[in-house]
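Beneath this line is the structure, given in structure tokens, with notes to follow.
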Amino acid sequence: MGLRDLFRRGGGTPGPDGAPAPEEPSADPRGAPGTAESPKVIEITLKAVDVLPGLLDERIRRLGPTHPDTVRMGLDLARAFAHAGRRTEALDLYQQVCGTRAATLGATHPDTLDVSAEAAALLHVDGQPVTAEEMWRFVFDARAETLGPADPGTLEAACGLAQALDELGRAPEAAALWQHVVDHRTRRLGADHPDTLTALHNLAASLLRTERPAEAERLLRRLLSVRRARGDDGSSLLDVRNNLAAVLYRRGALAEAEAEFRVLVADEERLVGADHPHTVTARNNLAAVLHDLGRLEEAESLLRSVLSARERTLGESHLETHGARDNLASVLVARGGGREREAARLLERCLGGYRALLGDGHPKTRAAREKLAALTAPGA
């Protein structure tokens, strides 16, 4: 599909007279506009996703699909789609813009790499870590070669690549990249700069995934001290507390982990809302602790709420939604009592999702396949 055809899919164009304007308010005798006594009048603002397709069509007709101004407008529309949560349309446009810039400027031109980085970040949000990893690696290698390993753009790409590797279960590689970012940001920005602290937090999370909980805990307690000294009480502090609770879980301190996760769930719901991704993650982690404590009915109830929230906010086919199905299936199998049939249905869905998003050889895919085979084997 050509650039023109894809852009035309973005939506309709305004009518011949342009966008409708709100009706002019009548004069008010109580005061001139802008005075304290004048009434407030709501002004309707049209969304970018409703306006940009028509503007883009006009530029394609006037300038052609590969003109820099046309491509910039396409990029604006891709960003508008992404902001509106219309990720599939946004990714289609990003792909076309990347292709056009690669053809006209070169694949490693800074403008092409900038768009590739935006697309890779959206792929990660969309739950496509395999493709995100490939794109981030290309951007990282190109920037490291042309800008150097310590350039902020290279470090941005290193962060994106590390996130994708973490999602793919390749935590040792991710930890090495996070360490690279921490080292360079510490030298360039300082040890307590917000960007350095964020990278340090992600390094701790990767270390925890590589079964190095003592190192992870040391970094997390340092972060907790710094953030409390600064008076942080928002999401950044909650994230540190969540990972410290995960350290407790890994150490087998289940009662302590349960108590901390319960407080975290309440705090997350109060500060960012019940459906915020971090709140849902805390609820999932509490369910894992309850599962290990043998309190399966509570764990099942929590995991059903996790699955419902992820289906509602991320979509039916997102990687994290499949992960919620996988976890719920495990609890249903543990409970027994005829719940195995529902567990098998859940595993069939998440196995298909894992295959599509992670590939047949990924550990999550293999584990889901083995669990499903055990459930559906004759005599099971």
- Task: Name the one entry in Thr104, Thr100, Thr112, Thr88 that is closer than 21 Å to Met73 by Cα and in contact (Cβ under 8 Å) with a residue 40 or more places away in the chain.
- Result: Thr100
- Query: Within the stretch 21-40, can one find any residue that is within 28 Å of the chain's Cα centre (by Cα), at pLDDT below 90 and not aromatic (Phe, Trp, Tyr)?
  - Reply: no
- Query: Any chance the stretch 177-195 includes a residue that's within 24 Å of Arg283 (Cα to Cα), at pLDDT below 95 and assigned to a helix (DSSP H, G or I)?
  - Reply: no
- Given the structure, is Gly231 under 20 Å from Asp292 (Cα atoms), part of a loop (DSSP other than H, G, I, E, B) and either free of Cβ contacts under 8 Å to residues at least 24 places away in the same chain or touching a Phe, Trp or Tyr at 6+ places or on another chain (Cβ under 6 Å) (or both)? no
- Message: Suppose we filter the stretch 306-333 for residues that are touching a residue at least 24 places away in the same chain (Cβ under 8 Å), assigned to a helix (DSSP H, G or I) and either farther than 21 Å from Ala373 by Cα or under 22 Å from the mean Cα position of the chain (by Cα) (or both); how many remain?
- Response: 15
- Task: Among the candidates Arg227, Arg241, single out the residue that is under 27 Å from Arg170 (Cβ atoms) and either surrounded by 15 or more Cβ atoms within 10 Å (Cβ to Cβ) or modelled with pLDDT of 95 or more (or both).
- Result: Arg241
- Scanning the stretch 131-180 for residues that are surrounded by fewer than 17 Cβ atoms within 10 Å (Cβ to Cβ) and among the β-branched types (Val, Ile, Thr), which turns out nearest to Leu208 (Cα to Cα)? Thr131
- Candidate set: the stretch 278-297, residues that are part of a helix (DSSP H, G or I) and surrounded by fewer than 16 Cβ atoms within 10 Å (Cβ to Cβ); chosen: the one farthest from the chain's Cα centre (by Cα): Glu297
- Item | Which numbered condition Gly169 fails, given (1) touching a residue at least 40 places away in the same chain (Cβ under 8 Å); (2) in a helix (DSSP H, G or I) | (2)
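The values are calculated or read from the model by the stated rules, or taken from the named source; none is laboratory data. Keep in mind the model is a prediction, meaning the values are calculated, not measured. Neighbour counts run over all protein chains shown; Cβ positions are idealised from the backbone, glycine included.
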